[in-house]
Amino acid sequence: MCGIIGAIAQRPVEPILIEGLRRLEYRGYDSAGLAVIDGSELHRQRAVGKVEQLAQRLAEAPLAGHLGIAHTRWATHGKPSEANAHPHLSEDRVAVVHNGIIENYAELREQLTQKGYHFASDTDTEVIAHQIMEEMRQGLQLLDAVRSATAKFKGAYALGVISPTCPDRLIAVRQGSPLVIGLGISEHFIASDIQALLPVTQRFIYLENGDLAEVCGDTLRILDAQGSPVDRPVHQSGLSAGSADRGQFRHFMLKEIHEQPQAVAETLEGRLGTDAVLDGILGPGSEELLARVRSVQILACGTSYHAGLVASLWIEGLLGLPCRVEVASEFRYRRHAVMPDCLLVTISQSGETADTLAALRRAKTEGYLGSVSVCNVPESSLVRESDLVLMTHAGPEIGVASTKAFTTQLVALLLFTLSLGRHQGLDATLAASLVDHLRALPKMLERALELDAPIEQLSTLLADKHNALFLGRGGHYPIALEGALKLKEISYIHAEAYPAGELKHGPLALVDADMPVIVVAPNNRLLEKLKSNLQEVRARGGELLVFTDDPEALGADAHTHVLSVPSIDDWLSPIIHTIPLQLLAYHTAVLKGTDVDQPRNLAKSVTVE
């Protein structure tokens, strides 16, 4: 979603702000801008398109100043345009950057218009600037004006506010959307993501919901939701500025695909014993809670939802426990029945996914035994608000289309299943076998990555197509869903996924020479059933791309292209089969010339509904 960065320093802040915006580009955006205060003057520059367009304008007309805010915008209210780009001003006395949505902006806009304020944009953000200005007109200083104004807002938001009336301070507010403060020496910073600030600091304070911070060069004051001064802990990040570099790879997505063996090794580190998952990997008190579980409810969105679908098959298939999976944005808006002794599991790469967070908050009032979050960001809202946590340790993921976050979620969820299985009668021999396979998994993923070159050749079959169909059975159907999602996200080819047995119940009508069919076909008890589905496609002239660990069982012909995937235990096979589908989407997108790392209309962290 939108990216925020702000700085107050003894040096010019424009280079810090621009570099921060570049490091936030992965979040998805359509325009960028910044505002700085130079003495008693407020100056602003904005541009539609990439941060580079803004940087070029600033190269021609630099903005001096030691206090500033900057922003990358992802459109929610108003089309992408310079007028709608942030920061937004009020009378050249208030500048605001904003992530989130002000739900009652229309009502406030009408009130402010009647008071004589002129609106130059279609955004909800401009309401914030004018409302703060109105509070200042009533005699309040900047900090109190911001606090008074935010009391009138409904919705989720993170704000950075500056004013030439207070040229020595930056105001930051967090309500729902993430915001972090970076600590320096005689300089401080704010950002929506620590990635933006790694070149200038590794010491951070994560604001809590409702916090308002007054940030000066040498001092920092934080007020909680009740307006009381509060101390928040300082965290030292282990990440470096270089963690957001592409290195030898053409795109972040390709780099992150190839990082998966190491990322999975990090997920497993310190969690596997000789023949079992170690006790307590979900945190203190987790074993007592797991012993009481009789059912599981999983909530997630997008790619994380697909990981949840695989996990549900593990939980039911290995443990015999009822497990429901639901898209969080649907769960939070419907009446539902809580299963007996039910453990709630939420999954999110960022830990700030708005729908998943809202679903967790609602569920905590409805009688669940407890909550577990599977997440990649330690200080995220989802982690802080859950009873138990299983971190994926995927490391920073910059590409909008998730890759290593997905595979590490799958591994973490299998670890969770095995931990739960200790209390559900899971056969010890089977558990030990799965642990052995998990230990070997990073090497198996390295072997799967050797398919990169042949898949690059195979992608030529998709590059000129407009549609694609993905098929899978059992635990590989969610992998087909994920493969279809990856292809549509970055290549803009319309793609759908179906359980292979459903092919004759409708989708077969679409199959012809222009509809490639991508099949996930491991050699398991469902392979014979899957063969008949492939024959249905062949009979209608369809082009088949088949990923299997038993090529001999399927056979190739002029219109059937079979790639051999490393063989592994069937319970872990979905993880291995994820890799070739990621590579297929990537190479197809490269051939089509799309923006692989920042696909149109998409954001990395969806922090609004």
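No value in this document is a laboratory result; all are computed from the given coordinates. What you see is a predicted model; the values in this text were computed from it and never measured. Here Cβ is always computed from backbone atoms with ideal geometry, including for glycine, and neighbour counts include all displayed protein chains.
Brief remarks on what is shown
- Filtered trypsin sites (Lys or Arg not before Pro), region 356-394: DSSP coil and at most 15 other beta carbons within 10 Å: LYS364
- Over the residues of the chain, the helix contribution to mean residue ellipticity at 222 nm works out to -10500 deg cm²/dmol, using -39500 (n - 2.57) for each DSSP H run of at least 4.
- Between 0 and 90°, nearest 10: helix 105-114 axis offset from the chain longest Cα axis: 20
- Placing unit charges on each Cβ (+1 for Lys and Arg, -1 for Asp and Glu) gives the chain a dipole about its Cα centre, and among LEU282, ILE132, ASN376 the Cα reaching farthest toward its positive end belongs to ILE132.
- Debye, to nearest 20: dipole size of the chain, +1 on Lys, Arg Cβ, -1 on Asp, Glu Cβ: 620
- With Cα atoms, 0 to 90° folded angle of helix 51-60 axis to the chain main axis: 30
- Folded to 0 to 90 degrees: helix 404-421 orientation relative to the chain principal axis, Cα: 70
- Of the trypsin sites (Lys or Arg not before Pro) in region 296-345, those whose Cβ has at most 16 other Cβ within 10 Å and which sit in DSSP loop: ARG334, ARG335
- Per-residue Cβ neighbour counts within 10 Å put PHE547, PHE204 in the sequence PHE204, PHE547, beginning with the fewest.
- One Cα centroid belongs to region 403-471, the other to region 103-165; the line between them spans 49 Å.
- For the pair region 345-373 and region 170-199, the centres of their Cα atoms are 25 angstrom apart.
- The GluC sites (Glu not before Pro) found in region 268-354 that occupy coil by DSSP, while having at most 11 further C-beta atoms within 10 Å, are GLU269.
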